[in-house]
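First the structure, in the form of structure tokens, and then the observations on it.
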Amino acid sequence: MSDDNLIHAFRQVPRTGVIYVTTEAAKLGYRSGGDDWCNLGQGQPETGPLPGSPARVHQVEIDVDDQEYAPIAGIGELRDAIAGLYNRLYRRGMKSQYSAENVSVSGGGRASLTRAAASLGHVNLGHFLPDYTAYEELLDIFKAFTAIPILLEGERGYGFSADDLRREVRGRGLSALLLSNPCNPTGKLVQGDELARWVQVARDEDAALMLDEFYSHYIWSGRPGQLPVESAARYVEDVDRDPVVLFDGLTKNWRYPGWRVTWTVAPKRVIEAVASAGSFLDGGGSKPLQRAAIPLLDHGHVVAETEAIHRAFREKRDRLLSRLERLGVRTDRTPDGTFYVWGRVDGLPPPLNDGMGFFRAALSKKVIVVPGEFFDVNPGKRRSQRSSRFRSHVRFSFGPSLATIEAACDRLAELIQGGVG
């Protein structure tokens, strides 16, 4: 939309990376669900049955009472089921246990994050570069807090230790830190003893860890013999005192993105605040879908679905990494989690050695990817985008089917090497 077509009262709101690339593809004929395009830009997993996965839900029964509004914090039965899930997966044998009062349900991941952002005070909030594209507007729209960027280096594999965290908290006066873990787009995962140390720093410094754990069941570096999941909930000592705020939902880990059923798990006082924010921001989520979500949190269902995801998506991950390497696309690190490969295209010939150039060229082959500069989270555009450290990066998704990934790589091979690959 040109400036001439804007209504004076409204600003031009930027699109997130996924929306931008699919909008550009739509101008060339792309339609969601079409068979002739390969969407490696998508931020959702394939939603159909996987070998060994539980039966997919194809219909939802709506009770008479479900015609009413749901409580802002979610229906009690679902909140209780979510708390129970975290206690079973991460807190067996621990004295402090989550309860329904530690859970708030929202209508989508962005709604969960927006409620939390609206609940922050006049503090410094740290965020990493690169990270999830939707954080950019989220960190700019609320003016109570100040967003502080922390650049992670590809040369270090995007590593960031608990000691680094303590220095940032003390040096920059951070009262909170927002990050995706595993990270979208790099696939970097903070886990095990290192994640325990992060939680300890948060506890010692009274700095809130706000962890977007939407990919926490897509773990490729887990411990053998254990369910491949990870959460900071495992390392919380007191669920009502430790400043740890977790976001998750059915979107990725249950492969039901269209349900828009997500949650926040946190100390009770935080849950009271985010629920209050929800009362004026979004009014609460879908009551029938919340009720339908309860059986999906049964322990046997979660285990079967997670193991099916791990088998199917691990194969897709390994295949995409292999194909991209043969095409000359390098990675700063092999992804520990998520269903993304964060590739470097700077070794390719122009214009393919630039993320946006690669994206535009790939569209000619009906392949969609996301240029890396979208993950250079820059609230308020305080930094020049021309200096983005990620202009030579591209995010490739292995969320689609293996057949789609193979077809996309064949087309990219034609683009890059004239059919070699």
With respect to the numbered conditions (1) in contact with a helix residue (DSSP H, G or I) (Cβ under 8 Å, 6 or more places away or on another chain); (2) assigned to a loop (DSSP other than H, G, I, E, B), which one is the sole condition not fulfilled by TYR86?
(2)
Kindly provide the set of residues from segment 350-373 that are within 18 Å of CYS409 (Cβ to Cβ) and in a loop (DSSP other than H, G, I, E, B), ordered by number.
LEU352, SER364, LYS365, LYS366, VAL369
Within the bounds of segment 86-104, is there any residue that is charged (D, E, K, R), over 22 Å from GLN290 (Cβ atoms), assigned by TED's automatic domain parsing to the domain that holds PRO267 and loosely packed, with under 14 Cβ neighbours inside 10 Å?
yes
Cβ contacts < 8 Å: first residue within 30 Å of THR306 (Cα to Cα) and free of Cβ contacts under 8 Å to residues at least 40 places away in the same chain, restricted to segment 333-356; second residue crowded, with 23+ Cβ neighbours inside 10 Å and charged (D, E, K, R), any location; separation 6+ or different chain. Result?
none
Determine whether THR47 is hydroxyl-bearing (Ser, Thr, Tyr), part of a helix (DSSP H, G or I), at pLDDT 90 or above and under 27 Å from ILE368 (Cα atoms).
no
Of the conditions (1) under 23 Å from ARG203 (Cβ atoms); (2) surrounded by fewer than 18 Cβ atoms within 10 Å (Cβ to Cβ), ASN181 clears all except one; give me its number.
(2)
Single condition ALA116 does not satisfy, out of (1) assigned to a loop (DSSP other than H, G, I, E, B); (2) over 18 Å from LYS252 (Cα atoms); (3) in contact with a Ser or Thr (Cβ under 8 Å, 6 or more places away or on another chain):
(1)
Determine the pairs where a residue that is under 18 Å from THR114 (Cβ atoms), located within segment 246-263, has a partner that is outside any loop (DSSP other than H, G, I, E, B) and among the β-branched types (Val, Ile, Thr) with Cβ atoms under 6 Å apart, the partner being 6 or more residues away or on another chain.
LEU246/VAL265; PHE247/THR264; GLY249/THR262; PRO257/THR251; TRP263/ILE82; TRP263/VAL103; TRP263/VAL105
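Quick grid of which residues meet (1) more than 15 Å from ASP336 (Cβ to Cβ); (2) among the acidic types (Asp, Glu); (3) touching a strand residue (DSSP E or B) at 6+ places or on another chain (Cβ under 8 Å):
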residue: ILE150; (1), (2), (3): yes, no, yes
residue: GLU153; (1), (2), (3): yes, yes, no
residue: ARG170; (1), (2), (3): yes, no, no
residue: LEU179; (1), (2), (3): no, no, yes
residue: ASN184; (1), (2), (3): no, no, yes
residue: LEU195; (1), (2), (3): no, no, no
residue: GLN200; (1), (2), (3): yes, no, no
residue: TYR218; (1), (2), (3): no, no, yes
residue: SER221; (1), (2), (3): no, no, yes
Would you check if there is a residue in segment 106-122 being surrounded by fewer than 16 Cβ atoms within 10 Å (Cβ to Cβ) and touching a helix residue (DSSP H, G or I) at 6+ places or on another chain (Cβ under 9 Å)?
no
Filtered residues of segment 361-379 (kept if touching a strand residue (DSSP E or B) at 6+ places or on another chain (Cβ under 8 Å) and either of a type in the set (Gly, Ala, Ser) or at positive phi (or both))
ALA362, LYS366, GLY372
Scanning for something polar (S, T, N, Q), in contact (Cβ under 8 Å) with a residue 40 or more places away in the chain and surrounded by fewer than 19 Cβ atoms within 10 Å (Cβ to Cβ), does segment 199-211 turn up at least one residue?
no
Would you be able to say whether some residue in segment 377-395 is within 25 Å of GLY29 (Cβ to Cβ), touching a residue at least 60 places away in the same chain (Cβ under 8 Å) and surrounded by 15 or more Cβ atoms within 10 Å (Cβ to Cβ)?
yes
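Taking segment 278-295 only, how many residues are aliphatic (A, V, I, L, M) and either surrounded by fewer than 20 Cβ atoms within 10 Å (Cβ to Cβ) or on the phi > 0 side of the Ramachandran plot (or both)?
Initially, segment 278-295 is screened for residues aliphatic (A, V, I, L, M), giving 281, 289, 292-294.
Narrowing further to those that are either surrounded by fewer than 20 Cβ atoms within 10 Å (Cβ to Cβ) or on the phi > 0 side of the Ramachandran plot (or both): 281, 294.
So the answer is 2.
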From the list ALA55, ALA25, ALA73, which one is surrounded by 12 or more Cβ atoms within 10 Å (Cβ to Cβ), of a type outside the set (Val, Ile, Thr) and in a loop (DSSP other than H, G, I, E, B)?
ALA73
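A quick yes/no check of all residues on (1) farther than 30 Å from VAL369 by Cα; (2) among the polar types (S, T, N, Q):
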site	(1), (2)
LYS188	no, no
LEU195	yes, no
LEU209	yes, no
LEU227	yes, no
ALA232	yes, no
VAL245	yes, no
ASN253	no, yes
Just the residues that are of a type in the set (S, T, N, Q) and over 21 Å from the mean Cα position of the chain (by Cα), please, taken from segment 33-83.
SER53, GLN59, GLN67
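The values are calculated or read from the model by the stated rules, or taken from the named source; none is laboratory data. As the structure is a computational prediction, the values presented were derived from the model and not from experiment. All Cβ positions, even for glycine, are placed from backbone atoms using ideal geometry, and neighbour counts span all protein chains on display.
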